[in-house]
Amino acid sequence: MHTDRNTGGCADKGFIRPVSRSLPLYIKTEIKMIKLQHLNKTFHTAGGDVEALRDVSLDIPEGSIFGVIGYSGAGKSTLIRTINLLEKPDSGEVIVDGENLMDLSTGELEKKRQKIGMIFQHFNLLKGKTVFENVAFPLVYQKKKKKEIEERVTELLELVDLSDKAKAYPSQLSGGQKQRVAIARALAADPKILLCDEATSALDPQTTASILQLLARLNKKLNLTIVIITHQMSVIRDICETVAVMEDGQVVEQGDSYKIFSEPEKDITKRFVETVFNNDEISRLLTQKELQDKFLNGDRAYHLIFRGDNANKPYIADLVRKFDLDVSIIFGSIEFVSNRPIGSLYVVINGSERIIKEAISFLRQEKVLVFPVSEPVLEEKVS
Amino acid sequence: MKVFFSEFLNKYFPNIVELQNYLYSSVRETLVMIVITGAIGLTLGLFLGIVLVVSAKGGLYESLRFHNVLEKIVNIVRSIPFVILIALLVTFTRFLVGTSIGVKGAIVPMVIGIIPLASRLTEQALSEMDKGVMEAAKAMGISKPYIIFHVLIPESLPGLVRALVTCFISLIGLTAMAGSVGGGGVGSFAIRYGYNRYMTDVTIVCVFFLLILVSIVQGIGNRVVNKVTH
Ligand SMILES: Nc1ncnc2c1ncn2[C@@H]1O[C@H](COP(=O)(O)OP(=O)(O)OP(=O)(O)O)[C@@H](O)[C@H]1O
Ligand SMILES: [Mg+2]
């Protein structure tokens with residue numbers, strides 16, 4: 001049933017894929033699976049109007065993994081819910097696989113939704129049904145033959161690695177297993193698109209990684225177009241080829257993940273990028289009062305993030321030579337985004353305030369991200 | 001043993017022994033009333049409860065004006081004390097079943113009396129349903145009626161069964177009350193002999209019977225709840 005519907009452009013996608021730079025960009029972006037055009041949505045609540053979407057336009061190519069990141073309340077869920085019209089925009093167009101969803105009748109929309117899978121933060125499984133029955137549910141609704149359902153469900157459970165749990169009830173599963181069931185159920189009707197609304201936000205880092213791996217595998221195997229909503233930049237780093245950053249109902253920045261990571265323009269994007277490289281241990285260490293007094297003598301610690309292709313530039317030497325500053329390196333690491341390196345350095349700079357300022361603006365001109373090290377903030381939990 | 005038992009009965013429950021045929025028929029009447037009003041009243045209550053939930057804000061068939069009117073009616077009927085409801089419904093009952101007394105006459109006000117409670121409890125049980133699960137079903141492209149019958153109701157089953165048990169127990173109370181105003185059944189038996197003629201043993205046996213009935217319903221209910229909770 002799962003014939004590999006791969007087109008050449010996607011054949012080399014792995015968990016962390018080399019972005020196929022060699023391919024001309026137009027081949028990858030030629031077929032748009034999802035086109036959102038000038039979406040607006042305002043909620044009228046007792047506390048006043050909330051503009052959840054403000055003129056949002058997005059093009060999502062077939063077979064890609066597209067990420068949308070933003071803080072709580074940015075309008076991410078509202079956006080992803082317009083893709084299957086769970087949320088009807090006040091104005092704008094939603095075109096999925098060539099069809100304008102706003103033009104469809106109720107019945108046609110239901111048919112269309114069967115081809116758009118969706119998974120959620122809280123899994124939303126049927127508690128009264130077994131794993132098997134949950135996955136079979138959409139197929140039973142579509143009046144598929146019993147034998148066909150049995151085969152398909154068995155195959156899906158194999159795909160998500162849960163064959164041994166067919167008879168279990170959701171309450172007997174771990175969070176990661178529940179999400180796997182949800183994924184199997186979302187794929188039951190062989191959709192072309194999978195929408196993921198904070199699908200890993202309720203999971204621990206290991207489980208998150210395994211779910212992301214599964215999504216990457218499905219993307220490759222089924223040529224599935226995946227839209228991922230998240231507030232974790234690490235999710236974007238791990239599997240998204242393209243990312244859109246949302247703030248206050250608007251898409252403020254979008255593009256190729258590596259580019260967003262290496263050359264973020266908006267402040268909000270920079271903050272998201274920093275979260276990925278942020279080493280909480282180091283930050284905590286460098287901001288503890290006693291330690292600061294003892295080791296830093298009032299000097300400030302900074303967190304520098306720079307692109308791999310700039311890594312061979314002698315920035316630190318420049319700081320020392322050109323600006324006559326004392327720079328000590330506390331900690332360094334490298335992260336890979338789309339298989340390309342991005343470096344991260346924690347340094348302590350000693351010198352006059354004016355010169356430090358100059359040095360920092362020099363670094364920023366060179367597209368190095370500079371953040372004063374501040375106390376780690378506990379990551380906000382998304383409801 | 002047998003001799004001892006009948007001596008015991010004769011000594012402590014003389015009136016019951018004498019009126020045993022009356023007791024049997026009262027018990028039968030009570031059971032009949034409960035079964036019939038239960039079947040009709042709870043079905044209607046369940047239906048109204050579903051209508052209330054799906055028409056509420058955020059429901060599958062949201063219609064606030066309709067919901068509010070329906071809710072008002074349910075609340076009004078619910079606030080009328082049952083004895084007064086019987087009096088209020090006399091004409092209607094006569095018109096519907098030809099008499100306002102006896103088992104037949106009791107059924108109509110009992111059905112009307114139980115509907116508001118049943119629909120309220122149903123509404124409560126159904127509104128505990130996780131909205132996300134309904135949404136997931138919608139996202140799968142499943143039609144609204146199918147969602148009601150294959151997601152909303154089955155997923156709320158434990159709560160619904162609990163609601164039904166509460167309704168049945170209230171119904172047992174209603175039959176006793178209906179009996180006291182000429183409705184037949186154990187209630188009227190207890191009033192006529194136990195209360196009016198000071199036959200304490202009759203009252204005790206009636207209470208005992210009702211207690212057993214309540215515990216049986218509760219026991220079955222708990223079992224079913226356990227069965228349908230996963
Ligand atoms: N049904 C609704 N009624 C009223 N306001 C709503 C509704 N849904 C969303 N909103 C408002 O719209 C804004 C965007 O909400 P949305 O759920 O899209 O944010 P989000 O980016 O998904 O946030 P989170 O990360 O917390 O899930 C918020 O201010 C929210 O309060
Ligand atoms: Mg959200």
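So how do A:233-239, A:340-346 stack up, highest first, on mean other-Cβ count within 10 Å?
Top of the packing list down: A:233-239, A:340-346.
Using the crude model of +1 on Lys and Arg Cβ and -1 on Asp and Glu Cβ, and no other charge, please compute the dipole size for the stretch A:21-265 relative to its Cα centre, in debye to 20.
1180
Which value in nm describes the separation of the simple spin-label points at A:Ala46 and B:Tyr195, placed 7 Å from the Cα toward the beta carbon?
The modelled label-to-label distance comes out at 4.5 nm.
How much of the calculated P(r) for chain B lies past 29 Å, in percent of all Cα pairs?
Result for the distance tail: 40 percent.
Looking at the stretch B:1-144, how many pairs of lysines come closer than 29 Å at the Cα, when each pair is eight or more places apart or spans two chains?
Lysine pairs, 8 or more places apart or on different chains, close enough: 9.
In chain B, what percent of the accessible surface is made up of carbon and sulfur (1.4 Å probe, ligands and nucleic acids excluded)?
The value for chain B is 68 percent carbon and sulfur by accessible area.
What does the highest-first list of B:114-122, A:78-86 look like by mean Cβ count within 10 Å?
B:114-122, A:78-86
For peptide B:128-135, how many partner chain Cβ atoms fall within 10 Å of a residue's Cβ, on average?
Average per residue, whole number: 3.
What FRET efficiency do you get for A:Phe331 and A:Asn310 if R0 is 22 Å and r is their Cβ-Cβ distance, rounded to the nearest 0.05?
0.70
Mean-square fluctuation check for chain B, GNM, Cα pairs under 10 Å: which of B:Gly184, B:Gly173, B:Gly113 is largest?
Among B:Gly184, B:Gly173, B:Gly113, the largest GNM mean-square fluctuation belongs to B:Gly173.
Summed for both chains, how many Å² of accessible area, to the nearest 100, are buried between A and B with a 1.4 Å probe?
Adding both sides of the contact gives about 1800 Å².
Ignore the peptide's own chain and count Cβ atoms of other chains within 10 Å of each Cβ in A:124-131; give me the average, rounded.
Shielding by partners across A:124-131 averages 6.
Normalised by the number of residues in the stretch A:21-265, what is the relative contact order in percent for Cα pairs under 8 Å and 6+ residues apart?
So the answer I get is 28 percent.
Can you give the Kirkwood hydrodynamic radius of chain A from its Cα pairs, in Å with one decimal?
By the Kirkwood definition, the hydrodynamic radius is 22.8 Å.
Only four residue types carry charge here, +1 at the Cβ of Lys and Arg and -1 at the Cβ of Asp and Glu. Report the dipole size of the stretch B:18-228 about the Cα centre in Debye, rounded to the nearest 20.
The dipole magnitude comes to about 240 debye.
Between A:Ser374 and B:Phe149, what FRET efficiency comes out of the Förster formula 1/(1 + (r/R0)^6) with R0 = 45 Å and r the beta carbon distance, rounded to 0.05?
0.25
Percent of Cα-Cα pairs per 10 Å bin, from 0 to the last occupied bin, for the stretch B:1-40, please list those.
28, 31, 23, 15, 2
May I ask which of A:Lys221/A:Lys313; A:Lys76/A:Lys127; A:Lys76/A:Lys143 have a Cα-Cα span longer than 31 Å here?
The pairs that break the limit, which is 31 Å between Cα atoms, are A:Lys221/A:Lys313; A:Lys76/A:Lys143.
Return the FRET efficiency for the residue pair A:Glu265, A:Gln172: r is the Cβ-Cβ distance, R0 is 41 Å, and the value is rounded to the nearest 0.05.
Efficiency for this residue pair is about 0.30.
With no solvent and one point per C-alpha, what does the Debye sum give as log10 I(q)/I(0) for the stretch A:97-181 at q = 0.12, 0.15, 0.26 Å⁻¹?
-0.42, -0.63, -1.29
Among the lysines, select those whose C-alpha is under 19 Å from the C-alpha of A:Lys146, and discard any that sit fewer than 8 residues away in the same chain.
Within the straight-line cut-off, A:Lys146 pairs with A:Lys129, A:Lys167.
Send over a whole-number figure in Å² for the accessible area per residue of the protein assembly as shown, probe 1.4 Å.
50
Setting aside same-chain residues fewer than 8 positions from A:Lys289, which aspartates and glutamates have a Cα under 19 Å from its Cα?
Candidates past the 8-residue exclusion: A:Asp280, A:Glu281, A:Asp299, A:Glu375.
Over chain B, what is the relative contact order in percent, taking alpha-carbon pairs closer than 8 angstrom and at least six residues apart?
In percent, rounded to a whole number, it is 26.
Using a 1.4 angstrom probe on heavy atoms only, work out the carbon and sulfur share of the accessible area of the stretch A:21-265 in %.
With neighbouring chains kept in place, the figure for the stretch A:21-265 is 48 percent.
How big is the gap, in Å, between the Cα center of the stretch B:51-67 and the Cα center of the stretch B:182-230?
37
The values are calculated or read from the model by the stated rules, or taken from the named source; none is laboratory data. Quick caveat: nothing in here was measured; it's all calculated off a predicted structure. All Cβ positions, even for glycine, are placed from backbone atoms using ideal geometry, and neighbour counts span all protein chains on display. Ligands, DNA and RNA are excluded from the accessible area calculation, which covers all protein heavy atoms including side chains. Shrake-Rupley method; radii C 1.70, N 1.55, O 1.52, S 1.80 Å.
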